[in-house]
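For reference, the structure discussed in these notes is given below.
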Amino acid sequence: MRIEKLFLSAFGPFTDRELDFAATPANFHLIYGPNEAGKSSALRAMGDLRFGIHPRSTDDFIHEYRRILLGGVFANTGGERVALARRKGNKQTLLYADPGNGKPIGGTAVASAVERALTGGLDRKQFEVMFGIDHERLREGGKLLLSADGELGSALFEASAGTRGVTALLASLQEDSRRYFIPRSKQATLNEASLQIDEYKRAYRAALTRPAEWKDRQRTHADAKAKLAELRDRLVKLRLRENELTELRAVQPLLKQYDDALAALDGLTEIPLLPTDARENRLAAEQSLQAARKAISRADAELVEYAQEKAQLMTEPALLRHAAAIERLIKDRDVASYTYVELRKTRAEADSGRLTLAEMTAKIAGGRAIDDVLAAVPSMADRVMLNEHLAQCDTLEGRLSSRHERVADIRKKLQQQPEGNRPMADAALRQAIEEALHTAQTMGDFTKRHEKLQGEIEDHARRVRQGLADLGLSAVEQLQGSQLLLGAEITSAENEFARLETEINSLHKEETALKHDLQAQQRRQHEFAAAGEVVTAQTLRAARVHRDHGWELIRKAFIQRSENPESLAAQFDSNYPLPEAFENSQNEADRQADLLREGAERATKVAECEMRIAEMEARWKKMILLKQANALAQEQAQSAWLSRLSAANLPVHQPAALREWLNLRSAVLERVTHHVKVLDERSRLLAEAEQAASKLGMALSAVGEVVQADVHSLSPMIARASDWIRAMIKVAADEAARQNAIKSLENDLNAAYQDIRKFGDALSVHMGKLAAWHTRLFLAEDSSPAAIKARLDELDAVQNARIAQDDRLSRIRALVAIQDSLLDQANRLAALLGEPECRHVDDFVDRLQDRLTGSRSAERSNSELDRRAEAAQRKKREAEAEQSASEAALLALCHAAGDVDANNLSEVEEQSAKKRLLQEKAESLIGQLREASTSTLPELREALSGLDIAETDVEREQCRASIKQLEEEVNAAADAEQSARRSLDEIDTSDHAAEAREQMESAIARYRAGVKPWAQLKLAESLLREALRRFRDKAQAPMVTLASEYFRLITNGRYRRLIVDDSAEQPALQAERDDGRHIGVSAMSEGTADQLYLALRLAALELQRNEQRQMPLILDDVLITSDDHRAANVFSALARFSEGGQVMLFTHHRHLIEIASRVLQTDVLAIHSL
């Protein structure tokens, strides 16, 4: 929805401020506000009105937080309007509003369809990204275009969606994925984990080898373990015996104490066992019995006392029966007490009022009666008519006086008018000067423009010289004589150099790794050789062939006897006789077979090691050939590159440096072009200035002004011409003003005379109407309106005094009636009470009030005494019940003690407590005996029957000494067993294999953990590239075409169009200049890149327009990097964009208003000030 009005009712620095965007048909709104004017607050208000005020809004520095209020009038594409207001809060903050002031109307919630149309189905973030462009976003968009070198997909996508940093995001995804995996690298996570898996797998296999001495160490460990078990059995037996002796020594005194307790209990068999609280119960019962007896005595005394007090009370029953009537009389007496004073006061006022009425009547009508005077008072209708005539008379008299003063003043001004001024100049000469002056003024400040152009010429010359120096050239001709290489050609050479460099580096890294691996295999081979003889299948086969050859010789020499044994022995082994040599060969073959069976795995590893060494040496030779071939290819590529540079008259640089040199060359050529243009512009300026100076000099000379007509005197001539025109204008204006003033004064004088005649006639009519009232009002016939007013006021005063007197007389009668009614009420009450007739009401009422108070007090005291007597009776009954319960409790305690007397209860309680203590002691001793020993009492008595305590202590000490010695032997045996076990573990279950296995599994876990994020990053990168490709293919044609039009308009044709360069791997955006050359984004200035980004954004938004979402484009100071010329072009582009929707540009630069007003018409541009 488009916004037509914005009400800043209470927001930021604004109070009841209104911005009307529908006052003109313009769709392009330029909103100006200097610093501190509230531009930022107005910008925030645009978003807060649509999407809600932020909970922690900073725009509450003037208005209270809860009073923040915004409003607006919106219109959809069908022209339907709705006024809405947004308040601060958490719920239902969007309300319908008054379209006149934006204030909320009622509390009805806004329909969801209206709110959806208001937000366009977007949230605040999406709205700001798509339809908001500020200076920071524009600059960042331009920088992204430069940094991405105009890559088409990211450029179009970022401009269309308003997002930023798609290219940086792709680079970040690539960088993150390279942390996990890089082909032919050892540093990335997955590469490192893969190498560690192979390394630890080899270590794990090597750690599984078992030596032949395992049996001896296993036998040693078994013997140590058996000896340790034997010593531990002996130690257990000794500890059992020591515990048994300790137990008997501990239970002996406990058993003796138990027997003593049983003997004491036998003497208390006849004593009953009372409860543990028997003594407390007895004492409580005795105390309760004494307390109950005291309570009964107190209750009897209180009952006697209450009866005596009650007999002394006296009441009057008649007064209590008529208490309500007495109280009403007392209340009426209190109410009527004021009547006595009021009656005296009112009678005095009535006497004074009667005298005042008589005086007023005499003053008005002499000896006439008051009723005659009151009859002269006019009715309400007459009074209205009289007031109207009197008011008209006053008004007309004032107007007549004012008009007479006006006539005198006008005559005085006519006399003071000055004479006419000097004659006017010829109109043709004046027109000639104005035309010449206009021509000269359109050139602006010639001196400043000339100095500025001269400065630009010098600056461009300096920058060209600096650029040539940076390029290593001495003249512009050398620069123009060089040829431009295509970017694809440079990229191809750069890729070829990079490929060769990569292959060389790869071979170097592979060579280093191969050298490291070869050394590792050679060290491994030496380790196998140092561990003992290495037997392989080949050596075993050779030994067996040697043995079989010996057996053939034995057969020939000793079985067949066909040859000489000595000669055969020399052939087989010259150091030994033939039989001994054959036996040695047979033993050697058997030995190698045994070794091969025992070390088959080691032999396999030795063979594998030798094979790998051979493979590595073969690869080493192949790598030497590859390095030589790469070096030759690198020299050939470098030679071809130098030849191409020489043919194009280009300096010797590598491709990357040459690309920078060519970019700098383009910039320097552009500076040369600018230099030439500025020189031409200076020449045109001088020609125009000479023509303007000549024309203006001739016009001034024609009117008698002496001037020097040259370009250096142009500014003084403009000033002289301006002064002359202003002087002529002033003369004409003064004369016209004088004639207008005289004519105006004469018109005013005639009008004043007409008013005097009109007001005089009207005054006569009203005075005639008033004359008919003089007799009725007791006035003379020539009385003035003022006298009539005074007499009416006097009659009003008489009438008011008569009304007040009547009110006083009525009040006197009412007060007398109140006093008579009170006396009658008192006499009726006296008759009811049997009292004599009342003569004085106050005395009678006071006595009744005192007697009634006394009777009520006696009645309350009687009730209180009855309540206390009842309480005393209740306490007495409770005390008697308590007494009976206490006596029953004492009787029960005596029965439990063996029917003894209550006085002997304490003695029985002491003996019962003693018996209980003995029983508890016996039970405690039994518990201690059970804790100290698991044997029964008979078993313990039997074990202790013939036991000597001294011998028991001696035997226990001997056991302890033996236990200590055995513990030392057990510790020594345990150390020996542990040492044998460790020795066995070192060759049988060494932790090298477990450690290698653990490290291998850890490396596998790291590999698995790295695969998933690497795959996710690569997938995200692929998806993002595919989305960019699809968007590029979809939006390329329409968006680039439309953006070309905007960019051409913004640059005033400097760039004809935007094109897509498909020569590289990634299509890039380029601009075609007016001279036909193609410029990459990286060769543009920052300001031009910003304007390119703005053109892309405008094109994207225009293509995305639809009727369901009509949102304004909001811009905030986006022209900071544009000069005045480019700013004017941007205004033209925004005006074109505004043909399809609203555009709101906020700025704090006042000069932009002048530029926009000069470029755009009022029906296109609307200017608002904050």
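Screening GLU588 on (1) surrounded by 12 or more Cβ atoms within 10 Å (Cβ to Cβ); (2) among the acidic types (Asp, Glu); (3) modelled with pLDDT under 80 shows it passes everything except condition (3). The set of residues from the range 1046-1072 being at pLDDT 80 or above and either surrounded by fewer than 18 Cβ atoms within 10 Å (Cβ to Cβ) or part of a loop (DSSP other than H, G, I, E, B) (or both) comprises THR1051, ASN1052, GLY1053, ARG1054, ARG1056, ARG1057, ILE1059, GLU1072. Which residue is nearest to MET1111 (Cα to Cα), if the candidates are limited to the range 1150-1170 and must be touching a residue at least 60 places away in the same chain (Cβ under 8 Å) and either of a type in the set (Phe, Trp, Tyr) or part of a loop (DSSP other than H, G, I, E, B) (or both)? Looking at residues that are touching a residue at least 60 places away in the same chain (Cβ under 8 Å) and either of a type in the set (Phe, Trp, Tyr) or part of a loop (DSSP other than H, G, I, E, B) (or both), I get VAL1164.
Criterion applied to ARG671, ARG684 was being under 30 Å from VAL476 (Cα atoms) and loosely packed, with under 13 Cβ neighbours inside 10 Å, and the one residue passing it is ARG684. Residues that are surrounded by 14 or more Cβ atoms within 10 Å (Cβ to Cβ) and among the hydrophobic types (A, V, I, L, M, F, W, C) within the range 772-787 comprise TRP773, LEU777, PHE778, LEU779, ALA787, listed in sequence order. In the range 89-119, the residue that is surrounded by the most Cβ atoms within 10 Å (Cβ to Cβ) out of those that are in contact with a strand residue (DSSP E or B) (Cβ under 8 Å, 6 or more places away or on another chain) and polar (S, T, N, Q) is THR93. For the criterion of being surrounded by fewer than 14 Cβ atoms within 10 Å (Cβ to Cβ) and either small (Gly, Ala, Ser) or touching a strand residue (DSSP E or B) at 6+ places or on another chain (Cβ under 6 Å) (or both), ALA869 fails. Checking the range 889-896 against the condition returns a match, with at least one residue being touching a residue at least 12 places away in the same chain (Cβ under 8 Å), closer than 20 Å to ARG293 by Cα and either of a type in the set (A, V, I, L, M) or assigned by TED's automatic domain parsing to the domain that holds LYS256 (or both).
If you go through the range 455-470 and keep only what is of a type in the set (D, E, K, R) and either farther than 13 Å from VAL676 by Cβ or not assigned by TED's automatic domain parsing to the domain that holds VAL672 (or both), you end up with GLU458, ASP459, ARG462, ARG463, ARG465, ASP470. Checked against (1) exposed (fewer than 13 other Cβ atoms within 10 Å of the Cβ); (2) under 30 Å from ALA797 (Cα atoms); (3) modelled with pLDDT of 85 or more; (4) not assigned by TED's automatic domain parsing to the domain that holds GLN799, SER352 passes all but a single condition, namely (4).
For the range 971-982, name all the residues that are of a type in the set (A, V, I, L, M) and at pLDDT 85 or above. Residues satisfying the conditions are ALA972, ALA973, ALA974, ALA976. Here is a check on your reading of the model: is ARG86 surrounded by 13 or more Cβ atoms within 10 Å (Cβ to Cβ), within 11 Å of PHE11 (Cβ to Cβ) and either in contact with a strand residue (DSSP E or B) (Cβ under 9 Å, 6 or more places away or on another chain) or basic (Lys, Arg) (or both)? When the stated conditions are applied, ARG86 passes them. For the residues ARG561, ARG597, ARG547, ARG524, the requirement of being farther than 30 Å from GLU199 by Cβ and modelled with pLDDT under 80 singles out ARG561.
Residues in the range 67-96 that are among the hydroxyl-bearing types (Ser, Thr, Tyr) and farther than 21 Å from GLY1140 by Cβ: THR93, TYR96.
Scan ARG430, ARG523 and give me the residue that is without any contact (Cβ under 8 Å) to a residue 60 or more places away in the chain, among the basic types (Lys, Arg), in a helix (DSSP H, G or I) and out of contact with any strand residue (DSSP E or B) (no Cβ under 7 Å at 6 or more places or on another chain).
Going through ARG430, ARG523 in turn, just one is without any contact (Cβ under 8 Å) to a residue 60 or more places away in the chain, among the basic types (Lys, Arg), in a helix (DSSP H, G or I) and out of contact with any strand residue (DSSP E or B) (no Cβ under 7 Å at 6 or more places or on another chain): ARG523.
Apart from one condition, THR269 fits all of (1) within 30 Å of SER945 (Cα to Cα); (2) without any contact (Cβ under 8 Å) to a residue 24 or more places away in the chain; (3) part of a helix (DSSP H, G or I); the exception is (3).
Given the options LEU700, LEU669, name the one that is under 30 Å from VAL1081 (Cβ atoms), modelled with pLDDT under 85 and either in the same structural domain as GLN441 (by TED's automatic domain parsing) or over 58 Å from the mean Cα position of the chain (by Cα) (or both).
None of the others qualify; the one that does is LEU669.
Of everything listed in (1) surrounded by fewer than 17 Cβ atoms within 10 Å (Cβ to Cβ); (2) closer than 19 Å to GLU688 by Cα; (3) more than 54 Å from the chain's Cα centre (by Cα), the single unmet condition for ALA475 is (2). For the range 854-878, the tally of residues that are in contact (Cβ under 8 Å) with a residue 12 or more places away in the chain and polar (S, T, N, Q) stands at 4.
Count of the range 893-905 residues, restricted to those that are loosely packed, with under 12 Cβ neighbours inside 10 Å and assigned to a helix (DSSP H, G or I), is 2.
Tell me whether the range 287-308 contains one or more residues that are of a type in the set (A, V, I, L, M) and more than 23 Å from GLU878 (Cβ to Cβ). Checking the range 287-308: not a single residue is of a type in the set (A, V, I, L, M) and more than 23 Å from GLU878 (Cβ to Cβ).
Looking at the range 1122-1145, can you tell me whether even one residue there is under 19 Å from THR24 (Cα atoms), free of Cβ contacts under 8 Å to residues at least 60 places away in the same chain and surrounded by fewer than 17 Cβ atoms within 10 Å (Cβ to Cβ)? Yes: one or more hits.
Within the range 509-520, which residues are surrounded by 13 or more Cβ atoms within 10 Å (Cβ to Cβ) and either outside any helix (DSSP H, G or I) or free of Cβ contacts under 8 Å to residues at least 40 places away in the same chain (or both)?
Within the range 509-520, ALA520 is the sole residue that qualifies.
Of all residues in the range 1-21, exactly one satisfies the criterion of being within 13 Å of ALA1166 (Cβ to Cβ) and outside any strand (DSSP E or B), namely PHE21. Taken together, the residues in the range 824-853 that are in contact (Cβ under 8 Å) with a residue 12 or more places away in the chain and either part of a helix (DSSP H, G or I) or surrounded by fewer than 13 Cβ atoms within 10 Å (Cβ to Cβ) (or both) amount to 15.
The values are calculated or read from the model by the stated rules, or taken from the named source; none is laboratory data. Since we're looking at a predicted model, the values are computed, not measured. Every residue, glycine as well, gets a Cβ built from its backbone with ideal geometry; the counts of neighbours run over all protein chains shown.
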